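**Student:** Encoded as structure tokens, here's the structure I'll be asking about.
The values are calculated or read from the model by the stated rules, or taken from the named source; none is laboratory data. Model, not experiment: these values are computed from the prediction. Every residue, glycine as well, gets a Cβ built from its backbone with ideal geometry; the counts of neighbours run over all protein chains shown. In case anyone asks, the SASA skips ligands and DNA or RNA and just uses the protein heavy atoms, side chains included. Shrake-Rupley method; radii C 1.70, N 1.55, O 1.52, S 1.80 Å.
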2 protein chains.
Amino acid sequence: MALRAADPESKSGGRDRILRAAYELFCRFGTRGVGVDTVVAKAKVAKMTLYRHFATKDDLILATLQRREQLWTREWLQDEVSRRADTPAGQMLAVFDVFGEWFAAAELEGCTFINTMIEFEATDHPVRLASVQHLANIRNFLRDLAAAAGVDDPDGFSRKWHILMKGSIISAMEGDRLAARRAQEIGELLLERHAVAAA
Amino acid sequence: MALRAADPESKSGGRDRILRAAYELFCRFGTRGVGVDTVVAKAKVAKMTLYRHFATKDDLILATLQRREQLWTREWLQDEVSRRADTPAGQMLAVFDVFGEWFAAAELEGCTFINTMIEFEATDHPVRLASVQHLANIRNFLRDLAAAAGVDDPDGFSRKWHILMKGSIISAMEGDRLAARRAQEIGELLLERHAVAAA
DNA sequence: CTGCCACGAGACAGGTCGGTCACCTTCATC
DNA sequence: GATGAAGGTGACCGACCTGTCTCGTGGCAG
């Protein structure tokens, strides 16, 4: 059997190029706004190569959502937050420092998980279910931070924090460049009220 | 000239039936998810009748957004809020009582203005600009309430309140039935901190 | 050299999209 | 009854969609 096929982590493999192209396009223009032809054109790949690696477009979308969690949730948000603060409460507040720099970017693509959830209105659609799960994974990260910060109800607290994050993202998409700072001020109030020791 | 054409407010006129059908379909399934054929089928109207009243589908979308502001923002949200509380601060908090009943509904269509803004990624698209404006109109309502409640910075306060509203709507779409109550608790904190007298 | 297979290029199928057109019925007015 | 406009009917257009299929080619294994 061919060596390249036996190596699923092949860097310049067709699957990876397709996934990278789809990720950029879907995050920026939405999944409904981008056709598979556009994806294969950007990936410089034959259409059949795409369908050899992904059964349907929905499968490709699910893969891009996983890539988004890897690149955005973990390697960007969580890593940046960990780098910027030591205490759990300080890391929760740092979320909005990171958001502040994100919102300052010229074109804000928004939260891919929210965007995709809204694009698929059927509540039992696999893509929508996956988007909801990826959002829940972000919330779990917040819940662990809240627990470490010593709040009474980490789950409830993380859900409130997530409301601030999602609301500020929508506001930033509307054009409010200060949305992150506003959400952070609310977060400070929340911590002040519920945490033993704020940052 | 014909009488019916001279009466733009004709109740059972074709334009109104089309607009009602488009409103229900677009709010529930999004604008990209519904074709004009589906609209004319639901309105029981000929396709040419639609294009005699609306130049393009985008024009129809703009009209449905205005209808949404009339029915949702004004006749539902603002009227319900006014009915439930007397003080400005109490009315701001009542927003989340109304949301709580809304979120309990079986199928939550979400905020049409947010959904439509996300559907049109081009920041200068007329439909996106209209969605952003309709969101700003909601915020202006909040700003007036905040000013009446005697907060220092009504504009900034209303933007924070709007973050809570939008974040709670997204959370409710994910399935959190208690999202309204969570946002309300945060709102109580905000009022406690910034308003002279809470409800 | 020969066979194999991943891949590229591109046509193709079947459907839906937004939007247009020609033709016909209905109905109020003169 | 004649006239004229509004609206219904259904065909139609070009563009785009997802997904399939064929054919050609290049590189690697035996």
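**Student:** Per residue, how large is the accessible surface of the range B:10-54? Use a 1.4 angstrom probe and give square angstrom.
**Tutor:** Values: 2500 Å² over 45 residues.
Accessible area per residue, the range B:10-54: 56 Å².
**Student:** Quick one: buried accessible area between B and A, total over both chains, 1.4 angstrom probe, nearest 100 Å²?
**Tutor:** Numbers: alone 10950 and 10940 Å², together 18640 Å².
Roughly 3200 Å².
**Student:** Got a sec? What order do A:Asp37, A:Asp58 fall in by accessible area at 1.4 Å, biggest, i.e. largest, first?
**Tutor:** Numbers: A:Asp37 90, A:Asp58 55 Å².
The ranking, largest first, comes out as A:Asp37, A:Asp58.
**Student:** If you don't mind, there's one more thing I want to ask. Below 8 Å, C-alpha to C-alpha, sequence gap of six or more: please give me the relative contact order for the range B:19-139 in percent. Before the final figure, lay out each step's value.
**Tutor:** Working: 87 pairs, mean separation 31.8, N = 121.
The value is 26 percent.
**Student:** Where the label is 7 Å out from Cα toward Cβ, how close does A:Phe29 come to the same position in every other copy, in nm, shortest first?
**Tutor:** 2.4
**Student:** On to the next question. Note the angle between two axes, namely the Cα long axis of helix B:14-29 and the longest principal axis of the Cα atoms of chain B, as a number of degrees from 0 to 90, rounded to the nearest 10.
**Tutor:** Tilt relative to chain B: about 50 degrees.
**Student:** Once you've got the GNM for chain B with C-alpha springs shorter than 10 Å, pick whichever of B:Glu80, B:Glu121, B:Glu109 has the biggest mean-square fluctuation.
**Tutor:** For chain B, modelled as a Gaussian network with Cα springs under 10 Å, the answer is B:Glu121.
**Student:** What gaps in nm, shortest first, separate A:Ala105 from its twins in the other copies when you place the label 7 Å past Cα toward the beta carbon?
**Tutor:** The answer, with the shortest distance listed first, is 3.4 nm.
**Student:** Something else about it: Please state, as a whole number in µm²/s, the translational diffusion coefficient that the Stokes-Einstein equation yields for chain A at 25 °C and 0.890 mPa s, with Rh defined as the Kirkwood radius across alpha carbon pairs.
**Tutor:** Result for D is 134 µm²/s.
**Student:** Can you give me the Cα centroid spacing of the range B:138-199 and the range B:87-112 in angstrom?
**Tutor:** Result: 11 Å between the Cα centres.
**Student:** Which distances, shortest first and in nm, link B:Leu129 to the matching position in the other copies, using label points set 7 Å out along Cα to C-beta?
**Tutor:** Once sorted, the set of distances for B:Leu129 reads 4.2 nm.
**Student:** Now, a different point. Taking only protein heavy atoms into account and a 1.4 Å probe, give the accessible area per residue of the range B:56-194 in Å².
**Tutor:** Numbers: 5300 Å² over 139 residues.
Ligands and nucleic acids excluded, the result is 38 Å² per residue.
**Student:** Only protein chains counted, 1.4 angstrom probe. Which residues of the range A:91-135 are at least 20 Å² less accessible in the assembly than when their chain is isolated?
**Tutor:** A:Asn115, A:Met117, A:Ile118, A:Glu121, A:Arg128, A:Val132
**Student:** Continuing with the same structure: Computing the accessible area with a 1.4 Å probe over protein heavy atoms, can you report the carbon and sulfur percentage for the protein assembly as shown?
**Tutor:** Working: 9270 of 18640 Å².
On the protein assembly as shown, the fraction of accessible area on carbon and sulfur atoms equals 50 percent.
**Student:** So how exposed is B:Thr123, as accessible area in Å² (1.4 Å probe, rounded to 10)?
**Tutor:** 90 Å²
**Student:** Now for a separate question. Sorted by accessible area with a 1.4 angstrom probe, largest first, how do B:Leu191, A:Leu108, A:Leu71 fall?
**Tutor:** A:Leu71, A:Leu108, B:Leu191
**Student:** For chain A, find the longest principal axis of its Cα atoms and tell me its angle to the long axis of helix A:154-174, 0 to 90°, nearest 10.
**Tutor:** The two axes meet at around 70 degrees.
**Student:** Using a 10 angstrom cutoff on alpha carbons, build the Gaussian network for chain B and name the most mobile of B:Arg68, B:Arg28, B:Arg83.
**Tutor:** B:Arg83
**Student:** Find the chain A residue whose Cβ sits closest to the rotation axis that carries A onto B, and give that distance in whole Å.
**Tutor:** A:Gly167, 1
**Student:** Name the residues of the range A:143-173 whose accessible area, probed at 1.4 Å, falls by at least 40 Å² once all protein chains are in place instead of their chain on its own?
**Tutor:** A:Arg159, A:Lys160, A:Ile163, A:Lys166, A:Ile170, A:Met173
**Student:** Can you give the calculated 222 nm mean residue ellipticity of the protein assembly as shown, where each DSSP H run of n ≥ 4 adds -39,500 (n - 2.57) and the sum is split over every residue, rounded to the nearest 500 deg cm²/dmol?
**Tutor:** -22000 deg cm²/dmol
**Student:** Taking chain B as a Gaussian network, Cα atoms linked when under 10 Å apart, which of B:Gly90, B:Gly14, B:Gly187 shows the biggest mean-square fluctuation?
**Tutor:** Checking each option, the largest mean-square fluctuation is seen for B:Gly14.
**Student:** A:Tyr23 accessible area, nearest 10 Å², 1.4 Å probe?
**Tutor:** The accessible area of A:Tyr23 comes to roughly 30 Å².
**Student:** Tell me, what is the 1.4 Å probe accessible area of B:Asp86, in Å² to the nearest 10?
**Tutor:** For B:Asp86, the solvent-accessible surface is approximately 150 Å².
**Student:** Still on this structure, I have one more. Among the aspartates and glutamates, select those whose C-alpha is under 13 Å from the C-alpha of B:Lys44, and discard any that sit fewer than 8 residues away in the same chain.
**Tutor:** Output for B:Lys44: B:Asp16.
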